[in-house]
Every structure is written in structure tokens, then in C-alpha cells.
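Everything on this sheet refers to the single structure shown next.
The values are calculated or read from the model by the stated rules, or taken from the named source; none is laboratory data. Everything quoted here is computed from the prediction, not taken from an experiment. All Cβ positions, even for glycine, are placed from backbone atoms using ideal geometry, and neighbour counts span all protein chains on display. Side chains included, ligands, DNA and RNA excluded: accessible areas come from the protein's heavy atoms. Shrake-Rupley method; radii C 1.70, N 1.55, O 1.52, S 1.80 Å.
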Amino acid sequence: MLTVEHVPQSVLPWWKTTTVYQIYPRSFSDSNGDGIGDLPGILHKLDYLHALGVETIWISPFFESPQADFGYDIRDHFSIAGEYGSLDDCRRLIDAVHARGMKIVFDMVLNHTSDQHPWFLESRSSRENPKRDWYLWRDGKKPPNNWRSFLGGSGWHHDPATDQWYWASFLPFQPDLNYRNPAVKRAMLDVVRHWLGEGVDGLRLDLFNALFKDEAFTDNPFSFRPIPSEENPDGFFQRNQHTINHPDTIAFARELRAVVDEFSHPPRFLVGEVFGPSSVLQQYCGPAGEGLNLVFLFKAMRSQFSAPAFRALIHEFESSFPDPLFPTWVFGNHDRPRWMERLGNHVGKAKLLATLQLTARGVPFIYYGDEIGMQHHELPTKDALDPVARRFHWVPQWMARRLRGWGILLNRDECRPPMQWHAGPNAGFSAAGAIPWLPVHPSVSEVNVAAQQGQPHSLLSVYQRLLALRKLSPALRGGSLDLISDRELPKHVLGYRRTQEGQGGEQATVFLNFSEREVSVALGDPLGHTLHSNLHPTPQARGARYTLAAHEGIILLGRPR
Ligand code: BGC
């Protein structure tokens, strides 16, 4: 077996070569039997994550909060919600992650606070309160302009006590902060500095592209688009020109990056939740990479399962995020249908897309449970806990299902069920006898960590092998990417080469078979190379050719002669 050296630390920053695993803390591991996952629970599972081979964990918010949006409504940015643990637990977790050579990313909700945050309580108490201008307040007998929230209706909410309207980009109990007020900016940058000072390695920025709105509160123009998408946030019949992707938000990305760069030992990073076409998303990173380090590219979640569709997507990511920019590969998160649903719960297809996710150029974001193929959990909207679902409780189940097919998830409880650790009581998420905050998915008897661990052909083992390979391969971690022309490949096969910079750099050639049929591919000169497959721990080439089984992906690793 060929040995490959690690990329020298000085060449690529760690955040470009890392792999990220998203934990929804409420659903990952419950250490005290209250049915709610917590920080000590995550701590107990760190060895699992380390053995899986992920290098960075991102945890959705666990700060003090009324939990009306399960943590995305923060009441105190400096303390931990009791149900998740204590500040000591948090510090212990940061240290334990670092002790394993891993990194930890927190979720930063800069755009809004809870309406129970002391700042908002003060702000709403009177028009003269010094914190009045910390949020967006306007006069009017009716909503001050036509702006719509992310969820469709007007984002303006009337406050009878002071007879003014406040703006909320998301739900009414999440009032937006006023970033045009320097005191607000300072206060939120202090929050950022505080957690970076505690040793947090990166921040995921919630709804980042809504931060600044038009100063004059100009109406948004009309649009024919009924429903927004990841690529085009216009919708509900308006162009969100004055509310989303405002030039001042893009400029603020650089200001924030400068703050993050104050912490350079080790360097930290920012990843933004932003929506728009790639041409707009790349602006958040800045032409020379001086803005957000990364942005989520949600388009992959909606791609068709086919070689041409992923070829086109890779081409788009490569042209919009050329070096020094870097793409991301995202197939799911806590707001979207589980990607297994899009794949018809087909484990073979999941193995293929995992191969793509972990070998294409970019930072992969793996949503908890995807490594074992956790399935989407359709639940009756009428019983939903998710505040978005409660708002849309009148939508019939068949329609919710149809919307899901278009990537729109009304009931986000469905993608947040307890992690399936084993087939025993409560899937091992909570102690036997406890009542998990959401029901465990019925597939737990087959889909669980214990059943897949040590099974060479399980999805979990595929992830483990690919993550281990990626760790050792400079080409896969940070190499450039060249698509192999489809004229040189059989139909339904996607191929690309990753090349480590510099003379004699390592090269990885990847072939992915999107079809149900066997196809043979030419390997070129396989001598001196090692062959890896998502299906077989020890794949065998026949001379210079290889026959790919249905949904097989292979990686040929070595140095060009
Ligand atoms: C988060 C959601 C959250 C919303 C409001 C997002 O986009 O990912 O889970 O409900 O922002 O904070």
C-alpha cells in the first residue's frame, strides 16, 4: 500500500481540509434521562465521532433560551440552557474535543434574539428607552411596508403598548437586531469574541444574509415567484432586494472576518447560512477570500441523482468558488428533509453520494445520523413541536409531503428525531423509561449504529473508510479538481481528478457509477496506485480496467509518473 504524507500545516488552513459533522443537541444523546439531548451526552459520544473520522463538530444553539424555536431564539448569549447542561459542561466539551485533535463550531444567531431577551424587553418597554433603537421599530396604522418574512406573511408585528411595529425576518418571537446601530454591532461582536476566546474554532452564522435591510425601508418590488428557493430567495410575489443579500450585509462579512482573524492561534472560521445564486453567495467570501471563509451551498440537496446533474453542479461550484475560495458539500441539516428520503431510502445510492461528498473539492457537512442512513420521519403536523409547523398546521399531510418533494419542509420535527444508537429502548438516545422529546423512527431495528459498526459493507463503514482515506490524502483534502470529460466515460459515470499542488503531487482519480448496471472504466496507468472502493474494502482491478458495480464509486490514488 502506498503511503501518503500529510499536507503540511502551512499550505492549507485546517478549515479548508476539515470534515464537519452537525449535531442537533436536543436529539443526539440524552445523559440524564429527561428525554432531551445535552452537552454531557455529546461528550459521551465523542469517541464515536472520533472513530468515525470526522474532524470538526458543529452544534446547533444550546444557549439560554425560551426554546420557542429550540435554541434559535436566544435569551442570553453567555450562558447555557439548563436542559443542555452548564457552562462547565460546555468548557469540558470544548477541551475534550480539542484533546482528540478535533475542532468545535458553535451556532451564532446574529440576526435576531428571542423576544424574551433583556435587550428586547427593554426596547419594547417604551419609545424612549435607550435600547429602543436596538431593534427595528416603525410607526403605522398598518404594516409600515410590504416586506415579507422568510415564512411568507408580513414580518412586521404590532406592539400595542407603544403602538409601533417591530420587524422579524423569521418568526414573530425572533425580533431582528438593528445592525445600523453601532452599539448593537459592538455588543454582538463581543459575543463573537467571547466564544472565540473560550476556544471555539468556528461559527456557523444563522440567517446571515438578512442582517442589514434597506435603511429607508423601501417596499420590495413585485415578482412573479410564488415560492423562494435556496438559489433564489425571491418569493411570495416579491423580490427581496431590500431585505436579503443587502450590499451592507456583504460588506459586514469582511468586518466580521477581521474580528475572527484577531484569533489566529489556531485560526478560526465562519460559515454562513446564505441563500442566493452562486454568483451572489461567492460575494460573501470576497474575491480574495477576505469575507466569510465558507458559505453553505444548499443546491446539492436538490440535485437529481444522476451523473450529468452532479457534473453540472461540480462545474458550477468550481467556477464560482475557485481557489482561494472553497465550496461546501451539504446534503441535509435540521431544517430540510432527510436526504435518505430523496434517495428513496436506497442505501447503495447513499454510499455513492457519500463518496462524492467526501472526494469532491470542498468542505463536507454531514448531518447527524446520515452516516447510518437515518430516514425521514413523517409525523402528523397537528402534533408538531416545531414552531414553523405549528404555523402551518392547517396544511394537509398530502400537501406537506408534496412540498417536501420540492425540498420545503413544513414540519422540521421530521428531520430531528433521536439519534439511533442501537435497537434497544429509546434507540439508546435516552435511558429506558424516559420519553424522548420526539419519537424514535420505526426503522431503528435495522438502522442503528450498533448494527452497522464493524460490518464492512454497512453505510457507516463506508463513511469510516472514506473519512480515513481523505485524512491521509492531500489530493482529496485540498487538491484542485478537474472534471473528466463525459465523452471519455461510459454513460451514467461521473469522473474527476483531484491533484495536489506542486511537483510530484498526489493525484486521486474518482469514478462514480450512478446507474443500477455494471460498467467498465479505463483506469489509465494503475501501476503504483492504490485502489479504493465504496463497496469493497479490498477492490481488485483487472489490468487497466475496472468494472464498477451498481452505485459503486472508486478512487485511484497515487502519483502521476
Ligand atoms: C435555522 C433555523 C431557525 C431559523 C431562525 C435558520 O435558518 O437554521 O433552524 O429556525 O434560522 O433562527
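How long are the semi-axes of the ellipsoid equivalent to the range 136-264, from square roots of 5 times the Cα gyration tensor eigenvalues, in whole Å, largest first?
Whole-Å semi-axes of the equivalent ellipsoid: 28, 19, 12.
What is the dipole size for the range 478-559, taken about its Cα centre, with +1 at each Lys and Arg Cβ and -1 at each Asp and Glu Cβ, in debye to the nearest 20?
140 debye
Counting other Cβ atoms within 10 Å, keep those with at most 12, restrict to DSSP loop, and tell me which chymotrypsin sites (Phe, Trp or Tyr not before Pro) in the range 362-455 are left.
Filter output for the range 362-455: W394, W406.
Based on the mean of other Cβ atoms within 10 Å per residue, sort peptides 170-180, 456-466 so the most packed one is first.
Highest-to-lowest ranking by the protection proxy: 170-180, 456-466.
Plugging the Kirkwood radius over Cα pairs into Stokes-Einstein for the range 397-444, at a temperature of 10 °C and a viscosity of 1.306 mPa s, what D comes out in µm²/s?
132 µm²/s
When a/c reaches 1.5 or more, the comparison of a/b and b/c decides; with that in mind, is the range 36-127 rounded, prolate or oblate per its Cα gyration tensor?
Because a/c hits 1.5 or more and a/b exceeds b/c, the range 36-127 counts as prolate.
Please work out the average accessible area per residue across the range 240-376, using the 1.4 Å probe convention, and give it in Å².
Dividing the accessible area of the range 240-376 by its residue count gives 29 Å².
What accessible area per residue comes out for the range 478-559, rounded to a whole number of Å², with a 1.4 Å probe?
With the other protein chains kept in place, the range 478-559 gives 48 Å² per residue.
With no solvent and one equal point scatterer per Cα, compute the Debye intensity ratio I(q)/I(0) for the chain at 0.08 Å⁻¹ and report its log10, rounded to two decimals.
Relative scattering, expressed as log10 I(q)/I(0), comes to -0.53.
So, counting K/R as plus one and D/E as minus one, what does the shell of residues with Cβ under 14 Å around L523 add up to?
In short, +1.
What ranking of E290, E446 comes out by heavy-atom accessible area, probe 1.4 Å, highest first?
Largest accessible area first, the list is E446, E290.
I need the P(r) histogram for the range 239-390: all alpha carbon pairs, bin width 5 Å from 0 out to the longest distance, whole percents.
Bins of 5 Å from zero give 2, 8, 16, 17, 17, 15, 12, 9, 3, 0 percent of pairs.
Accessible surface of E518 in the full protein assembly, 1.4 angstrom probe, to the nearest 10 Å²?
140 Å²
Starting from the Cα-Cα distance between R542 and E128, subtract it from 0.36 nm times their residue separation and give me the gain in nm to one decimal.
The span from R542 to E128 would gain 141.1 nm if fully extended.
Across the Cα atoms of the range 411-561, what radius of gyration and what greatest pairwise Cα-Cα distance (Dmax) are found, in Å?
19.7, 62
Go through the range 74-116 and name the chymotrypsin sites (Phe, Trp or Tyr not before Pro) that are in a DSSP coil and have 13 or fewer other Cβ atoms within 10 Å of their Cβ.
none
Test of understanding: express the Cα radius of gyration of the range 478-559 as a ratio to 2.2 N^0.38 Å, with N the residue count.
1.05
Determine the shape class of the range 366-494: with a ≥ b ≥ c the square roots of the Cα gyration tensor eigenvalues, call it rounded for a/c under 1.5, and otherwise prolate if a/b is greater than b/c, oblate otherwise.
Cα axes put the range 366-494 in the oblate bin.
On the accessible surface of the chain, probed at 1.4 Å, how many percent belong to carbon and sulfur atoms?
Answer for the chain: carbon and sulfur cover 54 percent of the accessible area.
For a quick check: with amide H placed at 1.01 Å from N, whose amide H comes under 5 Å from V295's, ignoring anything fewer than 5 positions away on the same chain?
For V295, whose amide H was placed from the backbone, the distant partners under 5 Å are G272.
Just from its helices, what would the mean residue ellipticity at 222 nm be for the chain, if runs of 4 or more DSSP H residues each count -39500 (n - 2.57) and the sum is divided by every residue, rounded to the nearest 500 deg cm²/dmol?
Rounded to the nearest 500, it is -7000 deg cm²/dmol.
Run the quick spin-label model on H194 and S79: label points 7 Å from Cα toward the beta carbon, then report their separation in nm to one decimal.
Output for this residue pair reads 1.1 nm.
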